[in-house]
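What follows draws every value from the coordinates through simple rules; no lab data is involved. Since we're looking at a predicted model, the values are computed, not measured. Backbone-built Cβ (ideal geometry, glycine too); neighbour counts: all protein chains shown.
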Amino acid sequence: MERVKKVGIIGAGNVGSTLAYILSATTPYEIVLQDKDKDRARGMLLDMFQASCVGPKFTKLGVIASPKDLRGCDVIVVAAGSPRLPGMSRNDLLFANAKVVSEISKNIKENSPDAIVVLVTNPLDAMVYTALRETNFNPKQVLGMAGILDSARMASFIYEKLQCAPGQIMSPVMGGHGDDMVPLARFCMVNGVPLSELLPKEEIQEVIERTRNAGAEIVSCLKKGSAYFAPARATAEMVRAIMSDSHKILPCSVLLQGEYGYNDVVGGVPVELGINGVERVVELKLNAEEKEQFHKSIESVKSLIDLLKKDYF
């Protein structure tokens, strides 16, 4: 009998619990959930299990009582840490969340050294770097969820303008997960038609700017938290791509090792996902303007990593 694949989710906040529910409702994986508030994690999983009993499918769910319960996980998603609040930049979270991610990373290294680790905690790219430093894992094993979310947000804004059939929009976004991200309008397609053929330049620029500020827009509306439905759905897409060994190409945050001309820095780029995590990095042929924007974005991430190197590691 084939072993049931296992996903560990660390952090039972809005993103972690929503991700657990999505996976429990749509996949056959065993789900284990950890939170510093063990009663919260247990309550969430009881609710999810009872939801699965509404239909014919029962889902195997469990609470992580100790780091040892991470053993046997194929993929571990880290969604723990302080959320982004109104008026906060992702950078404000740097040191507080680096401490959280460092502790979690040590537990993963000790108990699940073969797992693929997906970071969701902000500031995302710096947290991927933190996890890599603390685990010393193969860089293919550690990656961050950002580009899929940013691309989905860009697609939603294009859809608002065009009202085209759902599922027809391809809208890649590269760079760091922050205000300097690089929405690649030149590569955007709607059912194979370049976006430049469908929208005037000024409207494309509106889409780009709104994509860069999409997270802050939601934070300002919610007032006491940040987005979680779309981040959880985007993370689920990554988990399924890895677990199914799909070799699907998706934008993710990974350690660059010469790709695009950068080393020892994390950035969002298209990657092929499979059972080993990052199967390969896809290098797009960027034009001069896109290269300049990507450089600016990578430099923003590098400044955070330099702060961590100076005052944390």
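GNM on the chain, alpha-carbon springs under 10 angstrom: the most fluctuating residue among Val78, Val128, Val54 is Val54. Relative intensity of region 264-304 on a log10 scale, I(q)/I(0) at q = 0.28 Å⁻¹, equals -0.99, per a Debye sum over C-alpha point scatterers of equal strength in the absence of solvent.
What pairs from Lys5/Lys224; Lys6/Lys248; Lys223/Lys291; Lys60/Lys224 go past 30 Å between their alpha carbons?
Working: Lys5/Lys224 35 Å; Lys6/Lys248 20 Å; Lys223/Lys291 35 Å; Lys60/Lys224 32 Å.
Among Lys5/Lys224; Lys6/Lys248; Lys223/Lys291; Lys60/Lys224, the Cα-Cα distance tops 30 Å for Lys5/Lys224; Lys223/Lys291; Lys60/Lys224.
Evaluate E = 1/(1 + (r/R0)^6) for Asp179 and Arg233, where r is the Cβ-Cβ distance and R0 equals 22 Å; express this FRET efficiency to the nearest 0.05.
Using R0 = 22 Å, I get an efficiency of 0.45.
Structure remark: mean-square fluctuation, Gaussian network model of the chain, C-alpha springs under 10 Å; the largest value among Met48, Met127, Met238 belongs to Met48. Taking label positions 7 Å along the Cα-Cβ direction at both Ala96 and Cys53, the computed distance is 3.8 nm, reported to one decimal. Rg(Cα) of region 223-313 divided by 2.2 N^0.38 Å? Here the Cα radius of gyration is 1.25 times the empirical estimate. Annotation: region 1-157 has a Kirkwood hydrodynamic radius of 16.1 angstrom, from the mean reciprocal C-alpha pair distance.
Region 8-41 and region 261-287 have their alpha-carbon centroids 28 Å apart. Relative to the 2.2 N^0.38 Å rule of thumb, region 1-80 has a C-alpha radius of gyration ratio of 1.00.
Straight-distance candidates among the lysines for linking to Lys99, with alpha-carbon spacing under 21 Å and chain neighbours fewer than 8 residues away dropped: Lys36, Lys38, Lys68, Lys109, Lys302, Lys309, Lys310. Straight-line reach from Lys161: taking Cα to Cα under 19 Å and skipping same-chain neighbours fewer than 8 places apart, the lysines in range are Lys201.
Å³ per residue of the Cα convex hull, for region 205-272?
Working: hull volume 8.8 nm³, N = 68.
Expressed per residue, the convex hull around the Cα atoms of region 205-272 is 130 Å³.
Between Leu284 and Leu307, the FRET efficiency estimated from the beta carbon spacing at R0 = 41 angstrom works out to 0.90. The alpha carbon radius of gyration of region 158-242, expressed as a multiple of 2.2 N^0.38 Å, is 1.18.
Using the alpha-carbon positions of the chain, Rg (one decimal) and Dmax (whole number) come out as 18.9, 57 Å.
The local environment of Arg280, defined by Cβ-Cβ distances under 10 Å, has a net charge of -3 under the rule Lys, Arg +1 and Asp, Glu -1.
Between Leu162, Leu46, Leu93, the GNM of the chain built on Cα springs shorter than 10 angstrom shows Leu162 fluctuating the most.
Between Asn136 and Glu202, the simple label model (points 7 Å from Cα in the Cβ direction) yields a spacing of 5.8 nm.
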